[in-house]
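**Q** I'd like to ask some things about the structure below.
Laboratory data are not the source of any read-out in this text; all were calculated from the coordinates shown. This one's a predicted model, so the numbers in the text were calculated from it and none came from an experiment. In this analysis, Cβ positions are derived from the backbone assuming ideal geometry, glycine residues included, and neighbour counts consider all displayed protein chains.
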Amino acid sequence: MTSNVPKSFAKMAEIMHKPTHFSKLEAENLLRMFYKLTSVKLDRTKFRDVLHNYFNMTDDILMDRVFRAFDNDNDSYINVDEWMRGLSVFLKGTLEEKIKYCFNVYDLNSDGHITREEIFHILKNSLTKQPTEEDPDEGVKDLIDQTIRRMDYDHDGRLSLYDYKTAVEAEPVLLLQAFGTCLPSDEVREKFVKRLQTIDEAERKFRLT
């Protein structure tokens with residue numbers, strides 16, 4: 001079988017870094033990482049391992065949604081282009097890019113709106129039940145209702161991309177990930193990017209055949 005692993009990561013990075021926010025060196029290291037994980041495409045399990053091991057993500061629903069946000073062609077795999085472009089937003093995206101990304105993560109059925117039901121599905125297992133609560137689901141629903149009212153600018157009971165974007169631009173720290181963590185923390189992100197900016201000379205010579 002012919003290997004799909006490139007002979008020169010540097011040459012490939014020269015091309016692939018251009019539509020991203022990565023430098024050539026960062027792109028080269030990400031390409032090397034990708035092709036150590038797979039020779040063709042990343043499946044869901046390996047991608048979830050990356051999210052867990054490198055970015056401390058643990059929520060099954062959100063990891064699945066991040067996978068789908070990366071998988072632009074909906075073939076249930078992450079190819080190298082999706083890997084590079086997805087991580088560009090994930091690690092170095094502008095606020096506008098992150099808004100679109102997070103919205104797509106939370107829009108579970110991809111119909112262009114975030115509904116109460118979708119938010120409840122994401123949050124119901126992540127919020128801790130308080131000892132005094134008889135029905136913890138009601139507490140979650142109350143929190144969702146409050147957040148929807150705060151962000152629902154056209155008052156139709158659901159969030160369009162316009163609603164979400166307008167609200168997040170006003171309060172980005174509070175509202176960008178209001179419905180669950182789908183981006184790495186600043187500390188984790190900075191640590192990972194710093195690793196991408198350094199390279200061992202032995203690794204630079206690394207080739208797979």
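**Q** Working from Cα positions, state the angle (0 to 90°, nearest 10) between the long axis of helix 80-92 and the longest principal axis of the chain.
**A** Roughly 60 degrees, rounded to the nearest 10.
**Q** Largest first, please: the extent of the C-alpha atoms of the chain along each principal axis, to the nearest Å.
**A** Over the chain, Cα extents along the principal axes are 59, 33, 32 Å.
**Q** Further question on the same structure: Quick one: angle between helix 186-196 and the longest Cα principal axis of the chain, in degrees between 0 and 90, rounded to 10, please.
**A** 10
**Q** Using only the Cα atoms of the range 19-81, what are the Rg and Dmax in Å?
**A** 11.9, 33
**Q** Using only Cα atoms, find the angle between the long axis of helix 136-151 and the longest principal axis of the chain, and express it within 0 to 90 degrees, rounded to the nearest 10.
**A** Approximately 80 degrees, to the nearest ten.
**Q** With the crude spin-label approximation of a point 7 Å out along Cα→Cβ, what separation in nm comes out for GLU138 versus THR166?
**A** Once both label points are built, they end up 3.3 nm from each other.
**Q** Could you pull out the pairs from LYS18/LYS92; LYS36/LYS191; LYS24/LYS194; LYS24/LYS92 whose alpha carbons sit more than 18 Å apart here? Mind dumping the intermediate values first?
**A** Working: LYS18/LYS92 14 Å; LYS36/LYS191 20 Å; LYS24/LYS194 14 Å; LYS24/LYS92 14 Å.
Over 18 Å apart, Cα to Cα: LYS36/LYS191.
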